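Trainee: Have a look at this one before I ask anything.
The values are calculated or read from the model by the stated rules, or taken from the named source; none is laboratory data. In this text the structure is predicted, and so the values were computed from the model without any measurement. Positions of Cβ are backbone-derived with ideal geometry, glycine not excepted, and every protein chain shown enters the neighbour counts. In case anyone asks, the SASA skips ligands and DNA or RNA and just uses the protein heavy atoms, side chains included. Shrake-Rupley method; radii C 1.70, N 1.55, O 1.52, S 1.80 Å.
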Amino acid sequence: MANSSLPESALLQSRFRGCMLGLAVGDALGAPFEGAWFLKPYQVKDVAAKSSRLRYTDDAHMAIGLAESLIACKDLNGPHLAEVFTKNFEQEPWRGYGPGPPRIFKKIRAGLPWDKAAQDIYPGGSYGNGAAMRVAPAGLFYFKDFNKLVEAARAQSIITHAHLLGQEGAVLLALTVALVAGGSRAPAAPEIIGQLKQYAAEDLYLQKLKDMEALLETKDLGEIASKLGNGVEAFNSVPAAICCALRHPGSFEETVLEAVSLGGDTDTIACMAGAIAGARLGSEAIPQQWLEKLENKDYFEELAVKLLEAVI
Ligand code: RVK
Ligand code: MG
Ligand code: MG
């Protein structure tokens, strides 16, 4: 299945930029609060206002790697991407990576194949949210072809996150990005949830997609965190991020502030929510005062432009 009518290129460019900038802004806004209990949105806004620089972490750093590899290879190329992830980590190992990936990059450096290195770190592979937090560029790149998108989302996962639950989190996040970025008008929440259900194979995700429908209007953020999760596992963070984005279809700011306010894995949930909101609303929807402070802003924009050039 794919989108039937494509938007004009200026709109697409704004959405591609919005997605790449949005994931970085979300990551940077959430980073100071990783592991926190519930917060009020104004607390998040205050900390951002007082920061001289908005610095991103491993989430956006790995999204950069995926975008770089897609642009260079014009497709998802497993060995190339594994090399880019490894090289980028070696250059900036201080970005706050999860425990698994650095061990895997060492194995890749030692010569293990790209699709084998991740298998024995956790039983069945990792179901951490690392594969989903970085996948948005693949949602952009394959927005016209959902079969290829699913294949690519899984292939980029297995480099570090071989577990089916880790892979499926990446598939659902990439699909959501493609659904909001690629149509002439972004579908409404029930339609997006309906489409995601068609691609969800794991009961855990199907149940959370059902729960999400009932949470679209709630004022109780605790209910969102308790039903969908706010943790480091893909199934405890991807549904929450999608939910925040669907609850605020007209506001990037409300989406990411809510995503951070859930507490828990704040940088990652806000990174994923920011990718969706930016892809839907375009770069103009991201508050200027955040963009001005974003570390390496120009590089995120450059990658967005090159991703679009590679697909049109
Ligand atoms: C520091 C049991 C498993 C598992 C399995 C759990 C950065 C482990 C980012 C593991 C993100 C954690 C985050 C993370 C991204 C995974 N059985 N437990 N099969 N698979 N886990 O190591 O890249 O913040 O508790 O693959 O997904 O901002 O420690 O890392 O918040 O999930 O790290 O999984 O982490 P990893 P990651
Ligand atoms: Mg992080
Ligand atoms: Mg995190």
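Trainee: Right, Gly65: in a loop (DSSP other than H, G, I, E, B) and modelled with pLDDT of 95 or more or not?
Mentor: For Gly65, the condition - in a loop (DSSP other than H, G, I, E, B) and modelled with pLDDT of 95 or more - is not met.
Trainee: Is there a residue in segment 239-256 that is modelled with pLDDT of 95 or more, open to solvent by less than 20 Å² (accessible area, probe 1.4 Å) and farther than 18 Å from Val180 by Cα?
Mentor: no
A quick yes/no check of all residues on (1) within 20 Å of Leu23 (Cβ to Cβ); (2) in a helix (DSSP H, G or I); (3) in contact (Cβ under 8 Å) with a residue 12 or more places away in the chain; (4) open to solvent by 20 Å² or more (accessible area, probe 1.4 Å):
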residue	(1), (2), (3), (4)
Phe143	yes, no, yes, no
Ser157	yes, yes, yes, no
Thr160	yes, no, yes, no
Glu168	yes, yes, yes, no
Leu173	yes, yes, yes, no
Val177	yes, yes, yes, no
Ala181	yes, yes, yes, no
Arg185	no, no, no, yes
Lys197	no, yes, yes, yes
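Yes or no, residue by residue, for (1) among the β-branched types (Val, Ile, Thr); (2) away from ligand 3 (no atom under 15 Å from the Cβ); (3) over 26 Å from Pro93 (Cα atoms); (4) under 18 Å from the mean Cα position of the chain (by Cα):
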residue: Ser14; (1), (2), (3), (4): no, yes, yes, yes
residue: Leu21; (1), (2), (3), (4): no, yes, no, yes
residue: Val25; (1), (2), (3), (4): yes, no, no, yes
residue: Ala31; (1), (2), (3), (4): no, no, no, yes
residue: Phe38; (1), (2), (3), (4): no, yes, yes, no
residue: Val47; (1), (2), (3), (4): yes, yes, no, no
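Trainee: Any idea which of Leu216, Leu228 is open to solvent by 10 Å² or more (accessible area, probe 1.4 Å), of a type in the set (A, V, I, L, M), more than 16 Å from ligand 2 (Cβ to nearest atom) and in contact with a Lys or Arg (Cβ under 8 Å, 6 or more places away or on another chain)?
Mentor: Working: Leu228 fails: open to solvent by 10 Å² or more (accessible area, probe 1.4 Å).
It is Leu216.
Trainee: Next question, about the same structure. Suppose the filter is over 12 Å from the mean Cα position of the chain (by Cα) and assigned to a helix (DSSP H, G or I); does Cys271 pass it?
Mentor: Values: over 12 Å from the mean Cα position of the chain (by Cα): no; assigned to a helix (DSSP H, G or I): yes.
No.
Trainee: Let me ask something else. Sort out which residues of segment 266-312 are closer than 15 Å to Ile242 by Cβ and open to solvent by less than 10 Å² (accessible area, probe 1.4 Å), and write them in order of number.
Mentor: Scanning segment 266-312 gives Thr268, Ile269, Ala270, Cys271, Met272, Ala273, Gly274, Ala275, Ile276, Ala277, Gly278, Ala279.
Trainee: Going by the conditions given, is Glu302 closer than 20 Å to Thr176 by Cα and over 14 Å from the mean Cα position of the chain (by Cα)?
Mentor: On the way: closer than 20 Å to Thr176 by Cα: no; over 14 Å from the mean Cα position of the chain (by Cα): yes.
It is false that Glu302 is closer than 20 Å to Thr176 by Cα and over 14 Å from the mean Cα position of the chain (by Cα).
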